[in-house]
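Enquirer: Questions regarding the structure given below will be posed in turn.
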Amino acid sequence: MNTNSQGYHLQTDSHGLQKLVVQSDIVSGEVYLHGAHVSAWKPAGHHPVLWMSRESWFEDARPIRGGVPICFPWFGPHPTDSSQPAHGLARTRQWTLTNVRRCDDGAIEVWLQTSVDPFQLSYRVLFGADLILTLTTKLPPTAAAPQPFEDALHTYFHVAEIQQISISGLEGVRYVDRVPQVEEREAAGTVIRFGQETDRIYRNSVETAVLHDPGLNRKITVGKSGSRSTVVWNPWIDKSRRMPDFGDDEWTGMVCIETANVGSDAIMLQPGQSHTTQAMISVSHGSE
Ligand code: TA6
């Protein structure tokens, strides 16, 4: 990899998509211009943190499977039009790379932007010892009326074995269970463990979630600001088989902890207003 002196360069991958590759003595990572999709982040001294499917598509009209898809301006199926793509339009847009800067500590700051009518989106990715993802949505002052939106930084984490991990921090939060059917549930009062398909939206929640992975002997902390929903997802066996861009056996090595504003936590912007959703992701040795 012929990374230039600043520690980053644009390259076209084997599928013809452009990605910015970053490398310094503290971090390596990648972000595609397609969907402003972060597809890799590896702080020095740790295993890769993000999971990517070996079956992912890398095509203009389709989302990349894994890393950090940006769900915007709706989450999940379109509320009224089934012909619209799941999780909105931003993750299949070609974003514009507007700036890249190598920080003194070896972190690399990347700025991208796009528009999803009537909104303007600006995304800052800080690849460092931590990964800080900052999505700012602006409704131009010329907008005719207030506009709602949902957003999610739909982060896929690499784990050793889904049945050995746990997620703490959300024990006291009510959630919407989406499988086997949509059902409001009281706070579980316990850490989250996985023994079946899991698809939960923790609502009205500002809590930090911590992923404990004894197999990789690490903890991943997912802090946030500007987000009142956290989504936790593992597709398990049957759903994995139904997804063509997801290997049948890959469910055991991943979990999503998503930094979001969905459903009753959706954001309403007045003309001229902005909202910023931020995920602050860090890794430490030791799973306790
Ligand atoms: O965030 C969980 C979820 O909404 C699941 O229901 C599942 O559909 C997942 O997102 C992936 O969605 P996608 O459209 O990327 O296949």
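Enquirer: Might you let me know whether segment 245-266 holds any residue that is free of Cβ contacts under 8 Å to residues at least 60 places away in the same chain and either open to solvent by less than 30 Å² (accessible area, probe 1.4 Å) or within 30 Å of L139 (Cα to Cα) (or both)?
Expert: Taking every residue of segment 245-266 in turn, none turns out to be free of Cβ contacts under 8 Å to residues at least 60 places away in the same chain and either open to solvent by less than 30 Å² (accessible area, probe 1.4 Å) or within 30 Å of L139 (Cα to Cα) (or both).
Enquirer: Right, next: Do you know which residues across segment 180-202 are closer than 21 Å to F157 by Cα and in contact with a strand residue (DSSP E or B) (Cβ under 6 Å, 6 or more places away or on another chain)?
Expert: V191, I192, R193, F194, T198, D199, R200, I201, Y202, listed by residue number.
Enquirer: What's the number of the condition V21 fails, among (1) open to solvent by less than 10 Å² (accessible area, probe 1.4 Å); (2) closer than 22 Å to I162 by Cα?
Expert: Evaluating V21 over (1) open to solvent by less than 10 Å² (accessible area, probe 1.4 Å); (2) closer than 22 Å to I162 by Cα leaves (2) as the failure.
The values are calculated or read from the model by the stated rules, or taken from the named source; none is laboratory data. Quick caveat: nothing in here was measured; it's all calculated off a predicted structure. With ideal geometry, Cβ positions are generated from the backbone for all residues, glycine too; neighbour counts draw on all protein chains shown. Quick note on the areas: whole protein, heavy atoms, side chains included, nothing else; ligands and nucleic acids left out. Shrake-Rupley method; radii C 1.70, N 1.55, O 1.52, S 1.80 Å.
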